[in-house]
Every structure is written in C-alpha cells, then in structure tokens.
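Take a look at the structure set out below.
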Amino acid sequence: MVSTVPRDVEEVRIGPSRLAGLLGVPEGARGIVIFAHGSGSGRLSSRNNHVAAALRRAGLATLLLDLLTADEEQDRRNVFDIALLASRLALATDWAAKDERTGHLVPFYFGASTGAAAALLAASHPDARVAAVVSRGGRPDLAIGALASVQAPTLLLVGSLDGPVIEMNERALAALRTEKRLVIIPGASHLFEEPGTLDQVVRYATGWFLAHLRG
C-alpha cells in the first residue's frame, strides 16, 4: 500500500547517495523518530505514514527514509544487507543531528521487518545516540549477534498470527541486555492489516518513545 506525500511533511535528500526522505517537525517537538522500512517498502508506505502521522500528533518529529536508492533496490542482495541498511540509518541520524530543524531533537528508531534488524544493528554501535527503539513485525534475529550491545530501550511488537516471527522475537528478547519488552498484539498478522491492529502499534510506540524522551 502506497500513499501520497502528507501535507505536513517535506521532501529531503540525505547523504552522498541523495537518499529520499520525508521530514515532519511539529511545533514544540523534542524528539525525532527515524523510520527503517522493511524490504519492499519505503517512505510512501501507507502503514508507516499512518504511524508517523500519529507520532507527529503526539508531538514527535518523524523522518521516513528510503535506505536504498532506486538503482540499489534492483539488487536483492542490498535489500537484505543489514549492515548496509544500518550504515544508512546511522547516516540519517548524523544528518538529523546537524540539520537546523532537527539538531536539538532526541533521536529514536522505528523499524519494520528487516528494517528492525537495521535499527538494532545501528543502535548497537558504541557511539549510537538513539534513545529508544521500536520494532513492528521485525526480524531482530537478523542482527542477533549485535543485540547484547544495544543500550537503547527496545520494544518488540508482533502480531499474534505471525507465528514464526513471534519465535524470532522471543529469541531476540532473550539476547537483549537493555530495558526491553515484547508485546504480542491480538488478531494481528505480519503486516498489521487487520482493523484496529495498527492503531495498537501506534499506542504502544508512542508511549514507549515518550517514556524514554530525554536530552
């Protein structure tokens, strides 16, 4: 599912590769949520834009970013190159720290599917400044070797109908050494397409980010 660009965000380009992003900064924001999309998704995803719009209404800035260029996406190896995706996420975090619109904001990560692994790998680096991470239907197992080094409080959200991914997240939960929580959302499948399930993601994610807002 793809949406058009929301009216309360602006197009930005980040880094040498000119990665495409959508930046929204509500008045009085103190934190910024940087999105790491899963394979086959991007900054125009209707699901991620639904979550991002709710976060902006809660007073958090959002940056929805395509971690690969259009040419890079043609090579499926890049889509599952978690180290590459994590490096792009770190690049976006540095960009946000230097931009005059966002430099004062506390950074958070919101990752979906493979993007969750990229978010956790980026958060595991010793110089990572991210204050909290939320994973939606994530594959944190793809970064299992790095999870013990993650210091940011991490919330794992999984649908109750997403059996194999539940097990992957349970293994990741055991590997994390930081503040952590696994929430299984009733009646939700991998993409949280069932009525009301994505709104539960919004509620849990918003609460997690606001609870860990500092700086």
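The values are calculated or read from the model by the stated rules, or taken from the named source; none is laboratory data. This one's a predicted model, so the numbers in the text were calculated from it and none came from an experiment. So basically every Cβ, Gly included, is an ideal-geometry build from the backbone, and we count neighbours across all protein chains shown.
The table below lists the values:
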read-out: Filtered residues of the range 18-60 (kept if among the charged types (D, E, K, R) and part of a helix (DSSP H, G or I)); value: R47, R56, R57
read-out: Hits in the range 117-132 (condition: farther than 15 Å from T178 by Cβ and crowded, with 24+ Cβ neighbours inside 10 Å); value: A117, A118
read-out: Any strands (runs of 3 or more DSSP E) falling wholly within the range 85-168 and containing at least 1 residues that are touching a helix residue (DSSP H, G or I) at 6+ places or on another chain (Cβ under 9 Å), more than 19 Å from L68 (Cα to Cα) and among the basic types (K, R); value: 133-136
read-out: Some residue of the range 133-147 being surrounded by 24 or more Cβ atoms within 10 Å (Cβ to Cβ) and over 27 Å from S46 (Cα atoms); value: yes
read-out: All positions within the range 91-137 that are touching a Leu at 6+ places or on another chain (Cβ under 8 Å) and among the β-branched types (V, I, T); value: T102, V106, T114, V133, V134
read-out: Residues of the range 162-201 satisfying the condition of being surrounded by fewer than 19 Cβ atoms within 10 Å (Cβ to Cβ), under 21 Å from A58 (Cβ atoms) and among the aliphatic types (A, V, I, L, M); value: V183
read-out: Among the candidates T62, T102, residue that is closer than 19 Å to G15 by Cβ, polar (S, T, N, Q), surrounded by fewer than 24 Cβ atoms within 10 Å (Cβ to Cβ) and modelled with pLDDT of 95 or more; value: T102
read-out: Sole residue being among the basic types (K, R) and in contact with a Leu (Cβ under 8 Å, 6 or more places away or on another chain), chosen from R88, R76; value: R88
read-out: Answer from Y204, Y109 - the residue that is of a type in the set (F, W, Y) and under 21 Å from V79 (Cα atoms); value: Y109
